Each structure stands twice: as C-alpha cells, then as structure tokens.
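A.B. asks: Below is one structure. I have some questions about it.
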Amino acid sequence: MIDDSLFNNKKVAYHTLGCKLNFAETSAIGKQLSDEGFVKARAGEEADVCIINTCSVTDTADHKCRQAINRLNRQHPNAIMVVTGCYAQLKPDEIASMEGVDLVLGANEKFSILDYLNNTELNKNTEVHRTEISKVKDFKPSCSRDDRTRFFLKVQDGCDYFCTYCTIPFARGRSRNATIAETVDMAKQAIAEGAKEIVLSGVNTGDFGKSTDENFFDLVKVLDALPDEVRFRISSIEPNLLTDELIEFVSKSNHFMPHFHIPLQSGSNEVLRLMKRRYTTELFAQKVSTIKKFIPDAFIGVDVIVGVRGETDELFEHAIGFIESLDVSQLHVFSYSERAGTKMLEIEHKVSTTERKRRSEILHILSDKKTKMFYESQMGKTTQVLWESRHNGDFMVGFSNNYVKAERPFDKSLVNTIQTITLGDWKEEKTALEINS
C-alpha cells in the first residue's frame, strides 16, 4: 500500500525525450503522481523527484539522455532520480552506473512508479527493475496534451516487424493494444477535456487490433462516427497496412484529416530488402498515387533513412530518383545509427559518417523543394484552421485540415477554435502562409 503522507505536496520534475508516444506516457505517469499528492515543480524550483523518460532510437538519442540525466542531477541534487523508457529497457546497467540515478525502470515497470518510489531510499544503491521485454504483454493506455492544442492518444505499442536496423521491438516488445471500446472511451475523455484535435499514436499504429482480434480500420470508423467537433490525424502508418479502403474512407470522413505520414525508409528495393521492410517501392508509389486520386490536396509526409549498411552510391542515387518522382509534401530524414544487437551489423558494406551527412543534406534540400511546391499549390484555397496559443511575434499559428501552417494576427478568443479561412501568400520568412480575410 502506498503511504500518501510520503508524497503530499512533493515536487516532481519531468523530462521526456523522443517520440510522441513517450510524451503521452509521461502524461499518464504525471496523472498518477498528481492523484497521489505530487505537484509539478515550477521552473527554478528544486524537485523532490525527477522522472526522465528516455529514447534510444539512435546513438545521438542515447547521448541526449545521458546529458539530460547529468543536467537534472546538477539542477536537483537532492531529488530521487528515476530513469525509464527505451534507453532504460535496453541499457539499464549503463544508466545505473551514472551519478545521481536512484531508480531505473523498464518498459513494464514505468507505470508502477509509485510502488517503487514508496520503497526507495535516497543515496542508497541504485535499484534496477526491468522485466525481459519478451514477457511484457500488457498494454498501458495513455494520452497527453502538448503545449499547443492537440492531444496524442496512444492506441498501440510494440512492434513485430524486427527490421534489421531497429531496436524498438527490443525496447517496447510485441505489438499490443487496448480494445476499440476502451480506445474510444479514451478519445471521449480527451474531447471532454477540450481536445479539438487528437493524433492516433503508436509504434506501429496500423497494426492496432492484433492483440484483441480487431483492426485499425474498424477503430477509425467508430471514431469517425462520434458526434463531437474534433479532428483526428493518423500519426504514422506502414505502407503495407495503409489499405486503399482506408484511404477512400478518409477522403469522405467527417473527422479524419487529409494528412498521411508513411515510412518509406529507402527508395531502393535492394536497400528495403536489406532492411527487411515489408513492401516495395512499387507498392509505396501506388499508395501515394491512390491518396492523390481520392484526396488531391492531401499532405503526405515520408520517413527516409540514409546511410544504412549496404546502401552503395549507386543505390542511393536510385533512391533519390524514386523519391523525386513521388508527389509527397515533406521528407523526415534520418541518418543511420548502428545499434548493438541488430542484424544490419552483419552487412559488410559500411557508409562513412561524412557520407551519411552528405546524403542527409541532399534529401533535406529535396524535402524543402517539395514542401514549397505543396504550400504554393494551396494558396487561394479555402480550408479550416485550428488556431494554437503559441505566438510568432504578434501572430498566432494554426494548421489547416491538410497540415498547412498558417498565421494571422493574434486573437486570444480564437485559441483552440476551428476557423474557415482562405490561404494567402507566403509570410515574409516563408515558414507559413498568410490568410486572406
């Protein structure tokens, strides 16, 4: 049993790294602690407990986690330091050896944090609590509100794909989810708390339903039938799970926005084979074509990884040609990072760090070109924008149904409201479009 008196008015500081899923989970942990009497430490206040939710998708992510732990230890030297998340699951001993760390909690333990805090003594030996990921079966729901207006609803966790470059299955385990009914209830709760936009998030979102004998398309249909004024976006979906039926449904949807985020990872079939991806460039191109057929103004974001082992100069050039041919709106470019325990390390051909950087820069330039073209194709069109509270000087920011960033003079009464507008020309810095009144 938890001793409430231990926690009443104790100050807690949170630091989250990585994906939106992590932010949703930190939010769920924060609610647990708040319900037990913790209060969130304000800027400049020294906390009694620090919770760091980590990422481990690349070596850079690991480095940022270590930096965050050291920084928070300096800022809160008397706090109980709790480290959880993917880095904690994959490398618990590495974290436990760091100065100031009191608790290391794995993927299965992060949502039982109160139990561990209740039995932790400061300045004693660091405790590590971590279940082998193959034994983690439970799905832990969570939802977070970001510092703008949208909510991120975790609908799925884990991944069964085991791509050769990726450690996520070892950090988060097998694919699992709540039921459709439970997920819809979480969405309704977010709407009751003021959500005007909810992003459906997961490690492999389109795999929703595997652990409950349901499917993602059925979840979409039930959410779309809700009577509330709310927008839904699909955070990311594998091309082999993005069915033509789902694309056509979104084109006629009441609530789902014309916005898709699809991981490509490489524009070369040979590299996709080395990655053990579950589709070809031909399938990917067909999905983009189908989206544009049903929703010509849809925003399509694409993930690409450069410099994986086996990606020769010739294969990269072929990949560039394929990506250039796609009618997409933006590229999210990542440089390959070698991860211990992954099958890709068995491939002999290695791309230098300098070459990875060069390839990344080429694709960033291509991304900027495609985004510019997409934005300019939207000028003069009438759409709906959800206005956010954040400022850009005297201007407020919002995003259209199809994810075009717009700005207008700040008006507090419009925050978290949806307004029908006509998109105008570029703002001076060309990072957003003006609106025509």
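A.B. asks: Only helices (runs of 4 or more DSSP H) wholly contained in the stretch 216-297 count here; list those with 1 or more residues that are over 30 Å from MET186 (Cα atoms) and over 18 Å from the mean Cα position of the chain (by Cα).
C.D. replies: Where helices (runs of 4 or more DSSP H) fall fully within the stretch 216-297 and carry at least 1 residues being over 30 Å from MET186 (Cα atoms) and over 18 Å from the mean Cα position of the chain (by Cα), they are 269-275, 281-294.
A.B. asks: Among the listed residues MET81, MET98, MET1, identify the single one that is over 26 Å from the mean Cα position of the chain (by Cα), modelled with pLDDT of 90 or more and not in a helix (DSSP H, G or I).
C.D. replies: That would be MET98, the only listed residue that is over 26 Å from the mean Cα position of the chain (by Cα), modelled with pLDDT of 90 or more and not in a helix (DSSP H, G or I).
A.B. asks: Right, another one. Determine the pairs where a residue that is in contact (Cβ under 8 Å) with a residue 12 or more places away in the chain, located within the stretch 243-255, has a partner that is among the small types (Gly, Ala, Ser) with Cβ atoms under 9 Å apart, the partner being 6 or more residues away or on another chain.
C.D. replies: Within 9 Å, the pairs are THR243/GLY206; LEU246/GLY206; ILE247/ALA298; VAL250/ALA298; SER251/ALA298; ASN254/ALA225; HIS255/ALA225.
A.B. asks: Still on this structure, I have one more. Would it be correct to say that ASN108 is in a helix (DSSP H, G or I), out of contact with any Gly (no Cβ under 6 Å at 6 or more places or on another chain) and of a type in the set (S, T, N, Q)?
C.D. replies: So ASN108 fails the test.
A.B. asks: Shifting gears a bit: For SER56, all conditions in the list (1) of a type outside the set (A, V, I, L, M); (2) without any contact (Cβ under 8 Å) to a residue 12 or more places away in the chain; (3) within 11 Å of LEU17 (Cα to Cα) hold save one; what is the number of the exception?
C.D. replies: Condition (2) is where SER56 drops out.
Every residue, every condition in (1) of a type in the set (Phe, Trp, Tyr); (2) touching a residue at least 60 places away in the same chain (Cβ under 8 Å); (3) assigned to a helix (DSSP H, G or I), yes or no:
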residue: LEU153; (1), (2), (3): no, yes, no
residue: CYS159; (1), (2), (3): no, no, no
residue: CYS163; (1), (2), (3): no, yes, no
residue: CYS166; (1), (2), (3): no, yes, no
residue: PHE170; (1), (2), (3): yes, yes, yes
residue: MET186; (1), (2), (3): no, no, yes
residue: ILE191; (1), (2), (3): no, no, yes
residue: GLY194; (1), (2), (3): no, yes, no
residue: VAL199; (1), (2), (3): no, yes, no
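A.B. asks: Being under 21 Å from the mean Cα position of the chain (by Cα) and assigned to a helix (DSSP H, G or I), is that true of even one residue in the stretch 369-377?
C.D. replies: Within the stretch 369-377, one or more residues are under 21 Å from the mean Cα position of the chain (by Cα) and assigned to a helix (DSSP H, G or I).
A.B. asks: May I ask you to say which residue of LYS124, LYS137, LYS110 is over 24 Å from the mean Cα position of the chain (by Cα) and modelled with pLDDT under 95?
C.D. replies: That would be LYS124, the only listed residue that is over 24 Å from the mean Cα position of the chain (by Cα) and modelled with pLDDT under 95.
A.B. asks: Can you name the condition, by its number, that PHE217 falls short on among (1) surrounded by 20 or more Cβ atoms within 10 Å (Cβ to Cβ); (2) in contact with a Leu (Cβ under 7 Å, 6 or more places away or on another chain)?
C.D. replies: Every condition holds for PHE217 apart from (1).
A.B. asks: Taking SER329 as the residue in question, decide whether it is surrounded by fewer than 18 Cβ atoms within 10 Å (Cβ to Cβ) and in contact (Cβ under 8 Å) with a residue 12 or more places away in the chain.
C.D. replies: no
Let's see how each residue does on (1) within 20 Å of ASN119 (Cα to Cα); (2) touching a strand residue (DSSP E or B) at 6+ places or on another chain (Cβ under 7 Å); (3) aliphatic (A, V, I, L, M):
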site	(1), (2), (3)
ASN22	no, yes, no
THR26	no, yes, no
ILE69	no, yes, yes
VAL83	yes, yes, yes
CYS86	no, yes, no
PRO92	yes, yes, no
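A.B. asks: Let me ask something additional. Go through (1) in a loop (DSSP other than H, G, I, E, B); (2) surrounded by fewer than 22 Cβ atoms within 10 Å (Cβ to Cβ) and name the single condition ASP93 misses.
C.D. replies: (1)
A.B. asks: Enumerate the pairs (first residue in the stretch 61-74 and at pLDDT 95 or above; second residue anywhere and in a helix (DSSP H, G or I) and among the aliphatic types (A, V, I, L, M)) with beta-carbon separation below 9 Å, excluding pairs fewer than 6 apart on the same chain, so at least 6 apart or on different chains.
C.D. replies: CYS65/ALA88; CYS65/ILE95; ARG66/ILE95; ILE69/ILE95
A.B. asks: Which residue is surrounded by the fewest Cβ atoms within 10 Å (Cβ to Cβ), if the candidates are limited to the stretch 20-60 and must be over 26 Å from ALA340 (Cα atoms) and among the acidic types (Asp, Glu)?
C.D. replies: Restricting to residues being over 26 Å from ALA340 (Cα atoms) and among the acidic types (Asp, Glu), the top hit is ASP35.
A.B. asks: Looking only at residues in the stretch 334-368 that are in a helix (DSSP H, G or I) and β-branched (Val, Ile, Thr), which one is nearest to PHE170 (Cα to Cα)?
C.D. replies: It comes out as THR353.
A.B. asks: Moving to a separate point now. Consider the stretch 391-437. How many of its residues are under 18 Å from ARG150 (Cβ atoms) and either touching a residue at least 60 places away in the same chain (Cβ under 8 Å) or of a type in the set (A, V, I, L, M, F, W, C) (or both)?
C.D. replies: Count: 14.
A.B. asks: I would also like to ask the following. Residue check: is LYS31 at pLDDT below 95, among the basic types (Lys, Arg), assigned by TED's automatic domain parsing to the domain that holds ASP115 and in contact with a Phe, Trp or Tyr (Cβ under 6 Å, 6 or more places away or on another chain)?
C.D. replies: no
The values are calculated or read from the model by the stated rules, or taken from the named source; none is laboratory data. No experiment lies behind these values; they were computed from the predicted model shown. Because the Cβ atoms are built from the backbone with ideal geometry, glycine has one as well, and the counts that use them run over all protein chains shown.
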